Every structure is written in structure tokens, then in C-alpha cells.
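Values in this text are rule-based calculations from the coordinates and carry no lab data. Owing to the predicted nature of the structure, the values given are computational and were not obtained by experimental measurement. Don't worry about glycine lacking a Cβ; one is built from the backbone with ideal geometry, like all the others, and counts go over all protein chains shown.
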Amino acid sequence: MTERPEDVLLPIYDRALGQFGDTAQGALWPNAADRQLRFDVMLDVLDPTDSAPVTLCDLGCGTGELLARLRERGMTHVRYVGVDRSELALEMARAKFPDAEFHALDVNAEGANLDLVACDYLVANGLFTFRQGLSQAEMRDFLERSIRAVWPGVRRGLAFNVMSKQVDWEREDLFHASIDDMAALLHSLAGRRIRFRADYGLYEYTCYAHRGEVRQADAAGATPALDSGVVPVLRPRLPRAEALLPYLRRMDASRTYSNFGPLVREFESRIGEKLGIPGDCVGSAGSGTAALAGAILASAGRGEARRPLALMPAYTFVATAVAARECGFDPVFADVDTLSWMLDPQTVLDHPALDRVGIVIPVSGYGRLVPQADWLAFRDRTGIPVAIDGAASFEALCMQPGRGIGQIPVAISFHATKSLGTGEGGCVVASDPECVARATQAMNFGFRHSRDSGGPSINGKMSEYHAAVGLAELDGWRAKQAGFARVVAEYRRQAELAGLGARLFTAPDLCSSYVLFQCEDPAQGQAVQTALQSQGIEYRIWYGLGLHHQTHFSTCERASLLNTDAIAPCLLGLPMAPDLAPQQISRVIRALVAALC
Ligand SMILES: *Cc1c(COP(=O)(O)O)cnc(C)c1O
């Protein structure tokens, strides 16, 4: 067989696979999260209203990761067939999925058995994005020959991606194609039944050609698969195993598993970059609660007889009170503002127990920013230390570091249910590295420069394992954010159409992992809960009815909590996930509408 220009690509792919193994990098993708996003965009070619069995051919399937995605999404009606030229990749694919069908095939070879790629839908993900060693024209020719070769066997639709020309600069090793050019090619195959998607935040776009009617996820009615079954309230998505591997391998080499190893240090500095502060202004922690305990101990030490109280909002997650107790304080609850759902420094000034308060802990309500300036003024005026529970406020701090980060330490959570997650994890941030160092000392047995315990402490360190998750999560953060943004936009669109827009609270006002619906009164709250339950839609009252309703804290001192009592039963957490489907959102909105009329 004569060498064709595209034959230079196969050894390049095989080399990457040999070097990086079965990972995103091994498939020449920059990171795992973007790769997942591409899979989902490819699967957009399927008719979402039809759950009858279909065959999907994955041309250039590599190690078959698209099949993993299909299974993860529960798309059991799709029969997967993987096709690739690389024996090495196919060997790995077959080892992972012994029950699936994989074929070695070069669709452009003379006499190629194209029956193997006959299917309902065909996708080619990344087959035409990388062109190292090929000229632009050779790559264009390879693309057209491949698409023309497979199209006759495609019964319903095909999809492939190429790099965009709408970029600041075009990479020499990638294939950037104009949308017009791709439109002309696809039009010659499918006439007016072609589509493009360039809305998913990457430097590429996806081309679709259909036979027959085009059914799109957003435009069509609910899919049978998504129209039944439970809609979970929060379905976190953290990096997949393959994205962790490069980091875990670094641990094999360093043999450091905790105690501020290289991965934790890198994680701190990359979190610092996102927040616009140096790495030593970020102190990693084993959880958000540990970070808060560290921040409390760094600001106020342990609770003492003269000032035994930790003042906090009654409307917060119970972790705020748990951390204060851990530091020897007795929680005392104050009411929140009806609009911000947070403590107001002016109101706290009038709190009857203020002269016995040893620390004030304002809480970022569902990720809303706690302004440093107001609490600095409070601290200067009263002399009472302040530590901020900013558990869910990572995104708000990224957006407005100048308003949110300062002398008062802020504890952030990286729990799986927060938008940026490490499983369990957290950090303390402050503008003063010395303050962060004190918090870190308090989270490390009181050790600072020696193995001498120099102050009140806990063990609240982040392990290298969790930092590995955090680093992989940061690699995919842009794509995850894009996923959340799409879901939020869809929620807002549908809520507005239903006339409920003003009652729906979402990012960027809140942390991306929360979507809240505010009912008018507790009775309506009950009606909405009943409606959601009857439709199989999970919801959560994230902060419960207030800390004073938690058994263990029910005897704590408190001032009037009228606002908390009014707000708590009305704010319902609705389903959220970076990949929540529009059909699932419309089920939620329909249930709300049904409950309200
Ligand atoms: C999530 C959360 C915490 C606890 O963080 P963990 O990482 O789970 O310990 C504390 N406070 C608030 C307000 C939270 O939302």
C-alpha cells in the first residue's frame, strides 16, 4: 500500500499513547475534563427524543473512552462500535471493554470493509483536530475523503470536530478550518440538515450532518430516558480516574503522601493564581471545617472563660457551629438579613451577648461574597476577632478578590458538593501570609518551624491524594464552569418563560453548585416540596431550618431569629449538576409551576 500523507499521524498517536498511557494526554488531549465535554457534544448528534436501540460508530475511537461516557450517562439504548487504525489503542480498548465491539480499519484504504462503519450515528472526535506533520491542504483532503467514505453507511447523522478559526492564534500542529468551508462540504452531503456547535467554551467547534428530521436536545421535548427516574438534587462530578493518574504517578516517584508535599504546594499556588494572590496566602486544609477551625484558632485562639462565645448566623450549614465548638467556643446565634441571607455587621453591633463574644464568624450564604471592609471596620471598632466561613465562596472570591480577600482569614471548602472539589478539602486565604501561616500551624499539631506544639491545634492537613484531585480539577475547571454555566442559563431561560425568574437564585449570584427556589411562605414551601417529591425530583433544604433546630445545638444562646425562621423553610435547593439535561430542568420547572397554580 502506498504511503498517504495521513499515515504520518498514526505513529504520532501511538507514541503519545505509549508515553502517557490511557489518559487524555495519551490521546493528545490537553486534559480529561475538556475531553468529557467533547464526548457530550459529540453525543448531541443523537436524537434525544428517541430511546429505541441505535448503533453508534466511534471513528478514531482510540482506547474507547467514549463508551465509558455512554455508560456513565446510562445511555443503554446505544450500541457502541469502536473503529481505529491503531492496534495499540484497540488492544487497550478491548482489555477495558471485553464485551464491546472494536475493529481495526482504515476507512480510506482501498477495498476497506466499510460495512464495519455502517451505523445509525457516526462520530469522529479529535480525528481531524491534530495535523502535526501534515499540511493544511493534506489535512483538509484527509478529512473530506474520510467523511465521504463513511457517509453512505450512516443512516441518521454524523458529527466531527475541527479547530476554530475564531481564535487569537492558530496552532501550527492543529487543523483550524473555517465554518464556511465545513458547511460547504457538509451541505454537499446532507443539504440543509447540517448544524454547528461552537458554544462549549473550547477553541474548536463541532459539525453535524443529519439525514431526515433534525432533533435537538434543547428544541425537542423530553427524552424518555430523562423523563422518568429520579432527578438527583446534586450529582457532583470530580475528575475521572484517568485524569488523576499523572498526579498519582508523581506520588509514586516522590513517595510523599501528606505534610505539604509537592502536589499540595502546587495546588496552593494554583489556587492562589485563580484568586490573584501568592501561594503563601493560601493554606490548604483537609476540609472546609478544618480550614474554618484553623482560621478561628489563628484569629482568636481557643474560647476562654471571659469571652466564651462564637457569634454566627443561625442560617448556615452546621459545620460553622461544629468548627467553633472544636475550638472551644460556645456558639451563639444571630439573625440574618432577609435579602443577603447573611449577618449584617450593624445588627451584630447591637447583639445582647456581644461583650461575651470571643469571635464572630460571618458566613458566605450559598457562596455570596462576605465583604472584608465591613468586617474589618467591625473588628477595629469592637476589638473582637473575626474569621469568615466562606465555604462556598471560591467563585465569588475569584471574581472579586479585592472585596473578599484581606486581613480577615476566609475558610473555603473543596467538598465534592461545592463547585470546585477535591472530595474532602479546603483552604484558608488571607492577604497576610503570616495569618495563613498561623492557621496552617493550627491545622498541623501546632508545629511551625519545629516539632514543638506551640499553640492550640488540630490535625487538619490536606493529603497529597486530595491535592491530586484538586490539580486535576483545576485542569478541567474551565470546562466544568462552562458546564455549570450552560445548566444555569437553561434554568434561567425556562424559569423566565414560566414567569418564575425572580424566584430562582443561581450563579453568578451564588456558588455554581446551588440552584435555589424561594417560596413565598412556609406553606407554599410545603406545597412545592410535595410536588417535587411526587415527580421524583430531589431537593434539599441545604441549611436546614437553622442551627437552633439542630439537636446538638438546640440549647445554644440566641437572639431573635425571625428572619431565619422566615427564610429557611422557603429556600429550596433544586437539582444541579454540570451535566444536568435540559429535559430534567424542564421537569423541575413544570413541577414548580404545577405546585404554584
Ligand atoms: C460546605 C460548608 C462547610 C463545610 O465544608 P466541609 O468541606 O464539608 O467541611 C462549612 N460551612 C458552610 C457554609 C458550607 O456550605
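Can you compute the modelled spin-label distance between residue 552 and residue 478, with each label point 7 Å from Cα toward Cβ, in nm?
4.2
Summing +1 for each Lys or Arg and -1 for each Asp or Glu, what net charge is found among the other residues whose Cβ lies under 9 Å from the Cβ of residue 332?
With Lys, Arg at +1 and Asp, Glu at -1, the neighbours total 0.
Counting only C-alpha contacts under 8 Å and six or more residues apart, can you give the relative contact order of region 386-440 as a whole percent?
32 percent.
For region 1-56, report the translational diffusion coefficient in µm²/s to the nearest whole number, using Stokes-Einstein at 10 °C, 1.306 mPa s, and a Kirkwood Rh over Cα pairs.
For the chosen part, D equals 114 µm²/s.
Exposed loop trypsin sites (Lys or Arg not before Pro) only (DSSP loop, at most 10 other Cβ atoms within 10 Å): please give the longest stretch of the chain free of them, not including the sites.
Numbers: sites that count: 192, 255, 306, 451.
Free of exposed loop sites, the longest segment is 1-191.
Filter the GluC sites (Glu not before Pro) in region 87-180 to those in DSSP coil with at most 14 other Cβ atoms within 10 Å of their Cβ, and list the result. Intermediate values should be presented prior to the final figure.
Working: sites: 87, 91, 101, 110, 138, 144, 170, 172; in loops: 110, 170, 172.
The qualifying sites are 110, 170, 172.
Calculate log10 I(q)/I(0) of region 293-363 for q = 0.11, 0.18, 0.27 Å⁻¹, where I(q) comes from the Debye formula with a single equal point scatterer on each Cα and nothing for solvent.
Once normalised to I(0) and log-transformed, intensities are -0.23, -0.62, -1.26.
Which chymotrypsin sites (Phe, Trp or Tyr not before Pro) does region 3-93 hold that lie in a coil by DSSP with at most 11 other beta carbons within 10 Å? Present the calculation step by step, with values, prior to reporting the outcome.
Details: sites: 13, 20, 39, 80; in loops: none.
Loop-located and lightly packed - none at all.
Assuming 0.36 nm per residue, please report the length gained on full extension of the stretch residue 79 to residue 166 beyond their Cα-Cα distance.
Fully extending the segment from residue 79 to residue 166 adds 27.8 nm.
When a/c is below 1.5 the answer is rounded, else prolate if a/b is larger than b/c, else oblate, so apply that to region 1-148 with a ≥ b ≥ c taken from the square roots of the Cα gyration tensor eigenvalues. Can you show the working numbers first?
Details: a/c = 1.58, a/b = 1.31, b/c = 1.20.
Taking the square roots of the gyration eigenvalues as a ≥ b ≥ c, region 1-148 is prolate.
Which residues in region 63-88 place their backbone N less than 20 Å from a point set 7 Å from the Cα of residue 19 along the Cα-to-Cβ direction?
Label zone hits: 63, 86-88.
Return P(r) of region 216-346 (all Cα-Cα pairs; 5 Å bins starting at 0; whole %; ordered from short to long distances).
2, 8, 10, 11, 13, 13, 12, 11, 10, 7, 2, 1, 0, 0
Work out the P(r) tail for region 484-597: percent of alpha carbon pairs separated by more than 19 Å, whole number.
Value for region 484-597 (Cα pairs over 19 Å): 46 percent.
Using only the alpha carbon atoms of the chain, find the Kirkwood hydrodynamic radius as the inverse mean reciprocal pair distance, in angstroms to one decimal.
Details: mean 1/r = 0.0381 Å⁻¹.
Taking the inverse mean of 1/r over all distinct Cα pairs, the chain comes out at 26.3 Å.
Identify unpaired cysteines across the chain, taking unpaired to mean no other cysteine Cβ lies under 4.7 Å from the residue's Cβ.
Among the cysteines of the chain, those whose Cβ sits 4.7 Å or more from every other are 61, 207, 281, 327, 398, 427, 435, 511, 556, 597.
How large is the convex hull of the C-alpha atoms of region 400-459 per residue, in Å³?
For region 400-459, the hull spanned by Cα atoms encloses 93 Å³ per residue.
Once you place label points 7 Å from the Cα toward the Cβ at residue 527 and residue 560, how far apart are they in nm?
According to this spin-label approximation, the distance is 2.9 nm.
Restricting to the chain, compute how many DSSP beta bridges are antiparallel as a %, nearest 5.
Just about 45 percent of them are antiparallel.
Please work out how much length the chain gains when fully extended from residue 280 to residue 541, using 0.36 nm per residue of separation minus the C-alpha to C-alpha distance, in nm with one decimal. Numbers along the way, then the final one.
Numbers: separation 261, 0.36 × 261 = 93.96 nm, distance 3.60 nm.
Length gained between residue 280 and residue 541: 90.4 nm.
Contour minus end-to-end for residue 258 and residue 273, with contour as 0.36 nm per residue of separation and end-to-end as the Cα-Cα distance? It would help to have the intermediate numbers written out before the result.
Details: separation 15, 0.36 × 15 = 5.40 nm, distance 2.21 nm.
That works out to 3.2 nm of additional length.
Show log10 I(q)/I(0) for region 88-187 at q = 0.15, 0.20, 0.23 Å⁻¹, two decimals, from a solvent-free Debye sum over equal Cα scatterers.
These q points yield log10 I(q)/I(0) values of -0.73, -1.15, -1.32.
Percent of alpha carbon pairs in region 116-155 separated by more than 15 Å?
Cα-Cα pairs of region 116-155 separated by over 15 Å account for 44 percent.
Excluding residue 279 itself, what net charge comes from residues whose Cβ is under 15 Å from its Cβ, given Lys and Arg +1 and Asp and Glu -1? Intermediate values should be presented prior to the final figure.
Details: positive: 265, 270, 274; negative: 266, 268, 273, 280, 432, 434.
So the surrounding residues net to -3.
Grab the DSSP H runs of the chain that are 4 residues or longer, score each as -39,500 (n - 2.57), total them, divide by all residues and round the 222 nm result to the nearest 500 deg cm²/dmol.
My calculation for the chain gives -11500 deg cm²/dmol from helical runs alone.
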